[in-house]
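Notes for the one structure printed next.
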Amino acid sequence: QVQLVESGGGLVQPGGSLRLSCAASGSIDILNAMGWYRQALGKERELVARITRGGITRYADSLKGRVTISRDTGQNTLYLQMNSLKPEDTAVYYCKVTLVSGREYWGKGTLVTVSS
């Protein structure tokens, strides 16, 4: 089993910034990829950003230039720096890891609310 714990969400004003963290623990053999996804109320879950074991990143087009994904491989921790936040960025943000074995694990999510 792999446990993922997200943190860093909260209420932020439009134009503000947040840094999300995802700490992975448990039976981690080799992480193949880690990513952030989000789900707004009434909408489907969507990719925010993803980083592979080799460090290749991928971002959702709507968020390019405003978010940066990074990781601390030694600590098995994933980060998401979000800047210039907009009300439409309000959502629950989830961390997902994919192991080399192909198994996937999701965190429980952290709520980000962008509002004045």
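Computed quantities for the displayed model
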quantity: Total charge dipole magnitude, the chain, about the Cα centre, Cβ charges on Lys, Arg, Asp, Glu only, Debye to nearest 20; calculated: 120
quantity: Given charges at Cβ of Lys, Arg, Asp, Glu: the chain dipole, positive-most of 54, 75, 22; calculated: 54
quantity: Nitroxide proxy distance, nm - points 7 Å out along Cα→Cβ at residue 104 and residue 25; calculated: 2.5
quantity: Carbon plus sulfur fraction of accessible area for the chain, probe 1.4 Å, in percent; calculated: 46
quantity: J(HN,Hα) series, the stretch 9-17, from Karplus relation 6.51 cos²θ - 1.76 cosθ + 1.60, nearest Hz, glycine and proline x; calculated: x, x, 9, 9, 7, x, x, x, 10
quantity: Candidates 86, 96, 43, ranked by Gaussian network fluctuation over the chain, Cα under 10 Å, top entry; calculated: 43
quantity: Heavy-atom SASA rank of 50, 45 (probe 1.4 Å, accessible area, largest first); calculated: 45, 50
quantity: Gain in span if fully extended, residue 111 to residue 40, counting 0.36 nm per residue against the direct Cα distance; calculated: 24.6 nm
quantity: Per residue solvent-accessible surface (Å²) - the chain, probe of 1.4 Å; calculated: 54
quantity: Highest-fluctuation residue, 93, 79, 105 considered, GNM on the chain with Cα pairs under 10 Å; calculated: 105
quantity: Whole-Å semi-axes of the stretch 3-87's equivalent ellipsoid (Cα gyration tensor); calculated: 23, 14, 13
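The values are calculated or read from the model by the stated rules, or taken from the named source; none is laboratory data. Small disclaimer: the values here were computed from a predicted structure and weren't measured. For neighbour counting, all protein chains shown are included, and Cβ atoms are generated from backbone atoms with ideal geometry for every residue, glycine included. Areas reflect the complete protein model, heavy atoms only, side chains present, ligands, DNA and RNA absent. Shrake-Rupley method; radii C 1.70, N 1.55, O 1.52, S 1.80 Å.
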